[in-house]
Each structure stands twice: as structure tokens, then as C-alpha cells.
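Engineer: Shown below is the structure under consideration.
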Amino acid sequence: MRQFKVVVLGAGGVGKSALTVRFIQDVFLENYDPTIEEAYRRTITVEGETSSLEVLDTAGAEQFTSLNEVYIKAGKGFVLVFSLTQEASLKEVDHLRKQIYRIKGGESGSIPIVVVGTKLDLVNEREVPRNTIQALASRWGLPFYETSSKRNWHISDVFEDLVRQMRARYPAEQTAGHSSRKKPCIIL
């Protein structure tokens with residue numbers, strides 16, 4: 001089974017933890033409790049192939065943004081989160097996107113990234129118009145999803161898309177069912 005490290009990034013209070021916990025545990029976190037760092041594991045089957053995901057839910061608070069570089073270096077795929085009810089949170093996503101390309105040494109399309117707008121259920125509080133999202137999606141060349149962790153709308157779509165991207169970007173190191181890497185010799 002292939003394993004991938006996924007990093008969830010975005011401004012504080014946009015719903016990163018709610019999105020992550022809904023995907024991992026299928027529950028909705030009603031109360032906001034600022035995260036420093038939480039790591040979760042879950043296996044997911046996409047198109048008949050099972051993968052193991054280690055999902056790192058990161059802090060959005062300004063005092064922890066220096067950790068982002070460490071997370072980005074370790075990550076294979078990224079979920080960039082903004083709130084549909086907070087237009088300013090899109091600027092942080094753009095900053096993070098550029099930071100990922102700078103650190104990973106890639107350009108648009110070369111690094112597995114999914115952009116997620118949360119709080120889709122809060123229709124009356126929406127600040128980010130759909131046409132803004134569509135324009136950014138085409139300019140950035142990245143898939144965008146609108147989700148609701150509370151209602152469990154489109155949560156699995158986000159992670160399934162990211163798994164497909166990671167599989168394409170990081171092909172399996174196996175041929176004909178045999179691992180190309182030998183197991184280390186351990187002398188006790």
C-alpha cells in the first residue's frame with residue numbers, strides 16, 4: 001500500500017481542522033479550538049487502489065507560520081483552505097501556493113494541490129463569489145472545491161482528487177509486484 005503525506009494549510013479559523021476531522025473521523029467539530037499541529041492517519045480507496053494518508057492539520061495562527069516551511073518540505077500533497085465567508089482568507093491561500101512552489105521547486109501543475117473553500121452551508125454569510133473562484137482556478141491551474149464539513153458536502157472529493165494527483169506525480173516504485181528497494185539489514 002502506498003503512503004502519502006498530506007499537509008492542510010490556510011489562515012486561522014477557516015475550517016482546516018473541521019475539514020480534516022470530518023474526513024478522518026466523519027464527525028463535525030462544532031467548537032473552534034485553534035490547532036498547533038495534529039497528525040492523523042486514514043486509508044482511502046480510490047479507483048480500486050488503497051493508499052494510506054498521513055494528514056497533517058497545521059496552525060493558521062501567525063506565530064506558527066514559520067513551521068509551514070518544514071511542513072511543505074515533508075509534504076507530498078497539499079490542501080489549501082480558505083473560507084467562503086471570509087474573502088481575505090483567499091490571499092493567504094495565494095501566499096501559501098507560491099510558498100509551496102518556491103520550496104518544492106515546481107510550477108503550476110507539477111505539485112499535487114487542491115484548493116478548498118469551506119463553510120458552503122453558510123449561504124447568507126458568503127463573501128467569495130463563484131466567478132472569483134472560477135477565475136482563480138483557471139489562472140492557477142488547480143482544482144477548487146466548495147465544501148461544508150458540517151453537512152459533509154464534497155469532503156471525500158477533495159482527498160480523492162489529491163490522491164489521484166499524488167499517484168500521478170509520485171509513481172509506485174514497484175515493478176511486477178516486487179519492491180525495488182531492499183529491506184535494511186539490522187544487526188542487534
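Engineer: Buried (at least 21 other Cβ atoms within 10 Å of the Cβ) and assigned to a strand (DSSP E or B) - does that describe any residue in segment 31-41?
Structural biologist: Looking for residues that are buried (at least 21 other Cβ atoms within 10 Å of the Cβ) and assigned to a strand (DSSP E or B), one finds none in segment 31-41, hence no.
Engineer: Still on this structure, please answer the following. Among the residues of segment 1-18, is any more than 16 Å from the chain's Cα centre (by Cα), touching a residue at least 40 places away in the same chain (Cβ under 8 Å) and in a strand (DSSP E or B)?
Structural biologist: Checked segment 1-18: at least one residue is more than 16 Å from the chain's Cα centre (by Cα), touching a residue at least 40 places away in the same chain (Cβ under 8 Å) and in a strand (DSSP E or B).
Condition check ((1) at pLDDT below 95; (2) of a type in the set (A, V, I, L, M, F, W, C); (3) surrounded by 14 or more Cβ atoms within 10 Å (Cβ to Cβ); (4) within 28 Å of ALA74 (Cα to Cα)) across all residues:
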{"position": "VAL128", "(1), (2), (3), (4)": "no, yes, yes, no"}
{"position": "GLN134", "(1), (2), (3), (4)": "yes, no, no, no"}
{"position": "GLY141", "(1), (2), (3), (4)": "yes, no, no, yes"}
{"position": "TYR145", "(1), (2), (3), (4)": "no, no, yes, yes"}
{"position": "ASP161", "(1), (2), (3), (4)": "no, no, yes, yes"}
{"position": "ARG167", "(1), (2), (3), (4)": "no, no, yes, yes"}
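Engineer: Being outside any strand (DSSP E or B), under 24 Å from TYR170 (Cα atoms) and of a type in the set (Ser, Thr, Tyr), is that true of even one residue in segment 45-64?
Structural biologist: No, the conditions are met nowhere in segment 45-64.
Engineer: Name the residue that is surrounded by the fewest Cβ atoms within 10 Å (Cβ to Cβ), counting only residues in segment 76-90 that are touching a Lys or Arg at 6+ places or on another chain (Cβ under 7 Å), of a type in the set (A, V, I, L, M) and in a strand (DSSP E or B).
Structural biologist: Per the criteria, the residue is LEU80.
Engineer: Sticking with this structure for a sec: Being at pLDDT below 90 and under 14 Å from GLY12 (Cα atoms) is the filter here, so list the residues in segment 68-83 that pass it.
Structural biologist: ASN68
Engineer: Does LYS73 qualify as being out of contact with any His (no Cβ under 9 Å at 6 or more places or on another chain) and crowded, with 16+ Cβ neighbours inside 10 Å?
Structural biologist: no
Engineer: If you check GLN3 against the conditions, is it of a type outside the set (Asp, Glu), surrounded by fewer than 16 Cβ atoms within 10 Å (Cβ to Cβ) and in contact with a Phe, Trp or Tyr (Cβ under 9 Å, 6 or more places away or on another chain)?
Structural biologist: no
The values are calculated or read from the model by the stated rules, or taken from the named source; none is laboratory data. All figures in this text were calculated on a predicted structure; none of them were measured in a lab. Quick reminder, even Gly has a Cβ in these numbers, built from the backbone with ideal geometry, and neighbours come from all protein chains shown.
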